[in-house]
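This report concerns only the one structure given below.
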Ligand code: FEO
């Protein structure tokens with residue numbers, strides 16, 4: 001049975017939700033599921049904006065058919081060619097053989113690479129091109145690397161609708177509530193939105209900044225992303241989050257402490273540091289055990305907080321593997337402009353602190369604090385003084401503006 005929702009004017013949401021997938025892109029845990037958003041315009045011409053993942057094809061096709069209500073489909077606009085959105089291109093071509101596909105040149109190349117039978121059925125558009133479908137005229141705006149190179153977004157000035165592709169998306173299934181004002185986004189969605197952005201698009205901050213600049217010149221009333229809620233109010237809230245994330249500006253003054261501990265001594269040092277921070281008034285802190293926290297959550301909090309502490313045991317004369325994995329992800333995702341404190345541990349040949357510092361020195365605009373704590377197996381009274389010094393320096397560094 002169909003399940004669609006009207007967005008505005010002549011636009012309808014025809015997407016679907018998936019609670020069965022455990023790992024998005026076969027890597028990111030999605031305990032709250034995921035939505036794949038697709039939209040239909042009913043005008044003089046009929047237009048489908050993107051499709052959905054193969055896993056939810058049945059629901060999607062029922063929705064499209066129900067909204068079209070017997071009409072043929074004239075156009076299919078493909079803003080993004082990643083398979084979670086384009087998997088149903090061939091299914092649409094089979095059911096609506098007269099449909100014309102509108103997309104960028106690179107996206108059409110990708111359609112050939114993925115093996116879709118599109119010869120003679122495509123129309124290439126580029127930055128600033130427009131198309132009229134009757135009452136509605138849309139403009140195509142290129143959005144390379146948000147999140148793939150072929151991506152574009154599409155804007156309808158009459159309705160103020162922006163089809164934003166992966167931008168402004170989030171993990172989490174909609175479960176009936178399509179609009180941002182139908183959910184408590186700040187309470188229930190923001191963490192997943194941040195985790196989605198930072199892990200999937202986080203590397204491409206400058207490209208997102210450039211898209212935000214283009215969007216700044218448009219009178220946007222609706223943001224229709226490919227995942228998560230449609231925005232129709234308080235757009236400034238989410239635009240501000242995107243501005244912060246894509247410029248690597250912390251959302252909050254606070255400390256994310258990530259520890260790698262084999263037998264509890266490094267964990268104990270992390271706990272003691274958190275306690276000492278609280279004693280001097282720094283309470284906006286979170287602790288994560290890198291061995292049992294998926295790295296996507298660590299990355300998300302790295303973007304959220306101004307300060308990071310890395311506490312790691314030495315392992316095989318190197319950095320403990322889950323901590324090294326976190327560091328590699330930070331570097332890959334272009335994390336920058338953070339103050340970082342280091343706690344190292346090793347029963348013999350303690351190297352993890354030196355190695356983590358070197359790793360961070362190779363990243364952009366990372367301020368590594370001098371007040372490092374070195375433990376030989378476990379904290380002793382002397383090292384405890386160093387934890388005090390580190391806590392004090394972290395508090396001081398929270399006042400620095402590292403975003404310049
Ligand atoms: Fe949801 Fe980059 O695809």
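No lab work stands behind these numbers, since they all come straight from the coordinates. Only a predicted model underlies this, so the values are computations on that prediction, with no experimental measurement involved. Glycine gets a Cβ as well: all are built from the backbone with ideal geometry, and neighbour counts include every protein chain shown.
Quick notes on this one:
- Candidates 28, 263, 297, ranked by Gaussian network fluctuation over the chain, Cα under 10 Å, top entry: 263
- Annotation for segment 1-80 versus segment 173-219: alpha-carbon center distance of 18 Å.
- Across segment 1-99, Cα-Cα pairs farther apart than 23 Å form 22% of the total.
- Between helix 352-361 and the chain: long-axis angle, C-alpha atoms, 0 to 90°, nearest 10: 50 degrees
- Here the contact order of segment 33-141, divided by its residue count and restricted to Cα pairs under 8 Å and six or more residues apart, works out to 24 percent.
- For segment 59-182, the fraction of alpha-carbon pairs in successive 10 Å shells from zero, as %: 11, 40, 41, 8, 0
- Restricted to Cα atoms, the chain shows a radius of gyration and a Dmax of 24.0, 78 angstrom.
- Considering only the Cα atoms of segment 174-313, their convex hull presents on average a projected area of 9.9 nm².
- The C-alpha atoms of segment 5-246 occupy a region whose extents along the principal axes are 44, 39, 34 Å, arranged from largest to smallest.
- Dimensionless Rg/Rh of segment 255-397 - Kirkwood Rh, Rg from C-alpha atoms: 0.92
- Peptides 119-130, 192-203, 208-219 ordered by packing proxy, namely the average of other Cβ atoms within 10 Å per residue, highest first: 192-203, 208-219, 119-130.
- Peptide ranges 80-88, 304-312 listed from the most packed, as the mean C-beta count within 10 angstrom indicates: 304-312, 80-88
- For segment 149-206, radius of gyration divided by Kirkwood radius, i.e. Rg to Rh on alpha-carbons: 1.00
- Over the chain, DSSP H runs of length four or greater, each weighted -39,500 (n - 2.57), average out per residue to a 222 nm ellipticity of -9500 deg cm²/dmol.
- Rg over Rh for segment 205-248 works out to 0.95, using Cα positions for both radii and the Kirkwood form for Rh.
- Compactness of segment 275-315, taken as the C-alpha radius of gyration over 2.2 N^0.38 Å, stands at 1.30.
- In the frame of its principal axes, segment 112-189 has Cα extents of 46, 34, 23 Å, reported largest first.
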